[in-house]
Amino acid sequence: MKVVNLLLAREPNVNIVDYHGLSALATAAREGYTEVARTLIDAGAFVNLVDRFGNSILGSGKSSHEWCLLLNHHICLQLFVAGISTLYECS
């Protein structure tokens, strides 16, 4: 995490994608690096990007309760900012 924080301190574009349309968040999600994903989301990474094969970040995250809670927290914050109050359940 120290390297991730050092890189983010330089204020990079966290939403840049590679040739396949994968962002840093998509890779962190796919590999199960939840803490890296949380840090990227806090730095402004978009959770709704889709790669060139049609795979979403939301669908590519390792199926885990922790990943669900992370996305639930992010979604709830966005809804709160928009003035909408709701809660998504994790299974």
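Annotations
- Tally, over region 19-39, of residues that are hydrophobic (A, V, I, L, M, F, W, C) and surrounded by fewer than 21 Cβ atoms within 10 Å (Cβ to Cβ): 2
- Just one of the numbered conditions (1) at pLDDT below 90; (2) exposed (fewer than 11 other Cβ atoms within 10 Å of the Cβ); (3) assigned to a loop (DSSP other than H, G, I, E, B) is not true of I16: (1).
- Test: residue in region 78-90 that is closer than 26 Å to A9 by Cα, surrounded by 17 or more Cβ atoms within 10 Å (Cβ to Cβ) and at pLDDT below 85: no
- The residues of region 40-65 that are more than 25 Å from R10 (Cα to Cα), at pLDDT 75 or above and not hydroxyl-bearing (S, T, Y), listed by number, are V50, D51, R52, F53, G54, N55.
The values are calculated or read from the model by the stated rules, or taken from the named source; none is laboratory data. None of these values were measured; they are calculated from a predicted model. Cβ coordinates were reconstructed from backbone atoms using ideal geometry, including for glycine residues, and neighbour counts include every protein chain displayed.
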